[in-house]
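Have a look at the structure below, then the notes.
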Amino acid sequence: MQSISRRAALRTGVLGGIGLAAAGLSPSRAAPAQPAKYPPLKGRINHSVAYWPFRRVMTLDEFCVAMKQIGYSAISHCRPYQWPTLKAHGLDSSLSACDGPMDFENGLVTASVHDELVARYLKAIDLAADAGYRNLLIAGGNRRGMDVDEGLTNAENCLKRILGHAEKRGVVLAMAMGNTRQHPDYFFDSAALGVVLCKRVGSPSFGLIYDIYHRQMMEGNIRGTIRKYHEYFVYYHTGGVPGRNEPGDPDQELNYPAICRAIADSGYKGYLAQEYFPKKRPLTKDIITASLRESLHVCDV
């Protein structure tokens, strides 16, 4: 290797200093490399995001492009006619809905709609399984004055007409548990009541959606409940309390990184889905994307 003379070395140093000076920096004060604002995802949480809060601002196609770029691997609450768009972008459907509107008032506890529900879900199970999707959203329904045992019995009877087929096709019915402050009279208003139904049906194809926002509004003790009942939770939703805004909003009361660590530590392998309304208004595509990027990293533990 050819040696470099002292004079050449000095000359190189001087020229380097001139270059730094031209950039407004002295050699001793050169700015260190700054870490990226958002580090690579850690891989302990599978991240999804609900499309429905943003459907008036972004098309599903636009939403998929933006969400995939910032790190989400799935979209939640999509119906069969929307699945081709997800597949075109290489995104999973983490929680699928049946064709048509979802009726939360008339659900599993509503005996008068059981025949309709059974027919609808037997079809939906086949559609989801054929598309390669696992979770289907189902509602519990309103109480309408019935006692707890009647409601549980109605729900159990309906599910037992569906779950055998779901088990054969490898599909899970994920039941929403409500917040009666905002959904008055909803029957399944606590995690404990949902767990009772899980135990009564005893099927691997039935479980609960643990919506952190709704559960904090109704009962609190989020991490304790996750540790106690995590085996019955097949899906998780986020949302700051109060307001159902960003999980990282400094004005909301939940410690989402700690909650997400509890979820990951429980051994959960499913999706955590962002389901909230960004606080900043008016909503634009840029505001939505920036908000969901920040929330993804708040929950990535």
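The values are calculated or read from the model by the stated rules, or taken from the named source; none is laboratory data. Everything numeric here is computed off the predicted structure, so don't read it as measured data. Ideal geometry is used to build each Cβ from the backbone, glycine not excepted, and the neighbour counts take in all protein chains shown. Note: accessible area is taken over every heavy atom of the protein model, side chains too, but ligands, DNA and RNA are not part of it. Shrake-Rupley method; radii C 1.70, N 1.55, O 1.52, S 1.80 Å.
General observations
- Approximate shape of segment 124-163 as ellipsoid semi-axes (Cα gyration tensor, √5λ), whole Å, largest first: 27, 11, 6
- Neighbours of residue 93, meaning other residues whose beta-carbon lies under 11 angstrom from its beta-carbon, give a summed charge of +2 when Lys and Arg score +1 and Asp and Glu score -1.
- Of 134, 79, 144, the residue with the greatest mean-square motion in the GNM of the chain, using alpha carbon springs below 10 Å, is 144.
- Amide H to amide H, with H built 1.01 Å from N, residue 172 comes under 5 Å of 135, 136, counting only residues 5 or more places away or on other chains.
- Positive contributions from Lys and Arg (+1) and negative ones from Asp and Glu (-1), summed over other residues with Cβ under 12 Å from the Cβ of residue 218, come out at -1.
- Most mobile of 274, 182, 216 in a GNM of the chain (Cα contacts under 10 Å): 182
- Most simply put, the chain has about 5% antiparallel DSSP beta bridges, counting only bridges with both residues inside it.
- In terms of distances greater than 30 angstrom between alpha carbons, the cross-link table entries 68/160; 160/279; 199/269 yield 68/160; 160/279.
- Zero-based 10 Å bins, Cα pair distances in segment 56-184, whole percents: 12, 39, 31, 16, 3
- Net charge of the neighbourhood of residue 300, taken over other residues with C-beta under 12 Å away and scored Lys/Arg +1, Asp/Glu -1, is +3.
- Its DSSP H runs of at least 4 residues, each contributing -39,500 (n - 2.57), put the calculated 222 nm mean residue ellipticity of the chain at -12500 deg cm²/dmol, to the nearest 500.
- Principal axis dimensions, largest first and in whole angstrom, of the chain by Cα: 93, 40, 39
- Note that the chain presents 49 Å² accessible area per residue, ligands and nucleic acids not counted, probe 1.4 Å.
- Set of aspartates and glutamates near residue 285 by C-alpha distance (under 20 Å), chain-local residues within fewer than 8 positions excluded: 61, 62, 246, 249, 275, 294
- Extents of segment 148-301, largest first, come to 46, 31, 30 Å (Cα atoms, principal axes, whole angstrom).
- Sparse packing (at most 13 other Cβ atoms within 10 Å of the Cβ) combined with a DSSP loop state is found for the following GluC sites (Glu not before Pro) in segment 241-299: 253.
- GNM result for the chain, Cα springs below 10 Å: residue of 266, 48, 76 fluctuating most strongly: 266
- Values of log10 I(q)/I(0), in the order q = 0.14, 0.22, 0.23, 0.25 Å⁻¹, for segment 222-261 under a Debye, Cα-only, solvent-free model: -0.33, -0.74, -0.79, -0.88
- Sequence-distant contacts, meaning Cα pairs under 8 Å at least 6 residues apart, place the relative contact order of the chain at 17 percent.
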